[in-house]
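To keep things clear, I will list the structure first and then write my remarks on it.
The values are calculated or read from the model by the stated rules, or taken from the named source; none is laboratory data. Computed from a predicted structure; not experimentally measured. Neighbour counts are summed over all protein chains in view; Cβ atoms, including those assigned to glycine, are modelled from backbone coordinates with ideal geometry. Note: areas computed on protein heavy atoms with side chains; ligands, DNA, RNA excluded. Shrake-Rupley method; radii C 1.70, N 1.55, O 1.52, S 1.80 Å.
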Amino acid sequence: MDEFVISSGHAKMVRGASGYIDEVDEARKVVPKVAEYLKELDCKVHTFNDDASKTQRDNINTIVKYHDSKSRDLDVSVHFNAGTKEIGGTEVLYCTDGNKALATKVSKAISEALGIKDRGAKKRTDLGFLKGTAKPAILIEVCFVDTKSNTEAYKKNFDECCKAIAETLSGKKLKEAVKPVETKNVVLHKVQVGAFSDEKNAVKLAEELKKKGYLTSIVKG
Ligand SMILES: [Zn+2]
């Protein structure tokens with residue numbers, strides 16, 4: 001798959017769950033970051049936040065309408081869960097059986113990136129978003145907003161989480177960032193050629209060595 005529509009769950013004025021973090025606020029951070037990584041993977045991405053709706057019904061209709069207005073292979077909705085004060089975890093909801101395998105993979109990838117429980121793919125036939133869009137769709141519940149350890153893991157591993165989503169959706173791997181060469185433990189072995197009290201003699205030898213192609217420097221001391 002290489003073309004996606006990703007939207008944040010709920011709306012600016014139709015809020016979702018809140019606990020240690022706020023569902024709508026966080027979904028609006030995950031969506032653009034996942035889009036950024038998908039673009040790095042040469043995918044086409046359209047993103048959407050609903051800033052206009054005032055009711056839940058309007059909200060679902062507005063989101064579905066946006067998704068259906070774009071060409072894409074997959075529709076993705078980003079949510080955060082609430083309700084368990086204990087272990088929490090990641091789950092990915094789907095409606096039609098054809099999307100179960102992808103939902104399973106995405107849930108596993110996020111839970112591994114965050115180091116939290118993988119609650120897996122869950123079939124839901126009652127959700128407006130999953131029922132409404134014309135293309136295959138999944139609804140991601142990143143973690144639980146009211147499970148402290150989940151929210152801490154999410155904050156700490158936000159980038160890894162978004163990378164994992166992008167890589168799993170696209171089926172491609174992001175390039176590793178090039179690390180600067182580590183130099184702090186390198187021991188340099190220097191070769192000294194001569195020591196002169198008269199600077200002119202030092203300069204003369206340095207010139208000769210330079211002519212022969214040696215990298216030369218004069219150090220006073
Ligand atoms: Zn939600």
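Here are some notes:
- Cα-based Kirkwood hydrodynamic radius, the range 1-72, one decimal, Å: 12.8 Å
- Note on the range 3-170: with neighbouring protein chains present and a 1.4 Å probe, carbon and sulfur make up 47 percent of its accessible heavy-atom surface.
- Zero-based 10 Å bins, Cα pair distances in the chain, whole percents: 8, 29, 27, 8, 4, 6, 9, 7, 2, 0
- Theoretical ellipticity at 222 nm over the chain - DSSP helices of four or more residues, -39500 (n - 2.57) apiece, nearest 500: -12000 deg cm²/dmol
- Taking every C-alpha pair closer than 8 Å and separated by at least 6 residues, the mean separation divided by the residue count of the chain gives a relative contact order of 23 percent.
- In the range 1-62, the chymotrypsin sites (Phe, Trp or Tyr not before Pro) that fall in loop regions by DSSP, at most 12 other Cβ within 10 Å: none
- Added length on full extension, which subtracts the Cα-Cα distance from 0.36 nm per residue, Gln56 to Ser69: 2.7 nm
- Taking amide H as placed 1.01 Å from N in the peptide plane, the amide H of Val45 sits under 5 Å from that of Phe4, each at least 5 places away or on another chain.
- Residue-by-residue Karplus 3J(HN,Hα) for the range 116-133, coefficients 6.51, -1.76, 1.60, Hz, glycine and proline x: 10, 4, 9, 7, x, 7, 10, 7, 9, 9, 10, 9, x, 5, 5, 6, x, 6
- Within the range 3-170, percent of DSSP bridges classed antiparallel, to nearest 5: 20 percent
- Here the range 61-79 and the range 106-181 have alpha carbon centers that stand 17 Å from each other.
- Built amide H within the under 5 Å cut-off of Lys122, gap 5+: Val92, Leu93, Tyr94
- Computed from phi, the 3J(HN,Hα) profile of the range 12-17 under the Karplus parametrisation 6.51, -1.76, 1.60 (θ = phi - 60°) reads 3, 10, 10, 6, x, 6 Hz, with x in place of Gly and Pro.
- When the residues Leu41, Leu215 are ordered by accessible surface, computed with a 1.4 Å probe over the protein chains alone, the sequence from largest down reads Leu215, Leu41.
- Rounded accessible area per residue of the range 3-154, 1.4 Å, Å²: 45 Å²
- Modelled label positions at Lys172 and Lys135, each set 7 Å beyond Cα in the direction of Cβ, lie 1.6 nm from each other.
- Positive dipole terminus of the range 3-170, leading residue within Leu102, Ile63, Thr168 (C-beta point charges): Ile63
- Taken about its Cα centre, the chain carries a charge dipole of about 480 debye when Lys and Arg each add +1 at the Cβ and Asp and Glu each add -1 at the Cβ.
- 3J(HN,Hα) along the range 147-158, derived from phi through the Karplus expression 6.51 cos²θ - 1.76 cosθ + 1.60 where θ = phi - 60°, amounts to 10, 4, 4, 5, 5, 5, 5, 5, 4, 5, 10, 3 Hz, with x in place of Gly and Pro.
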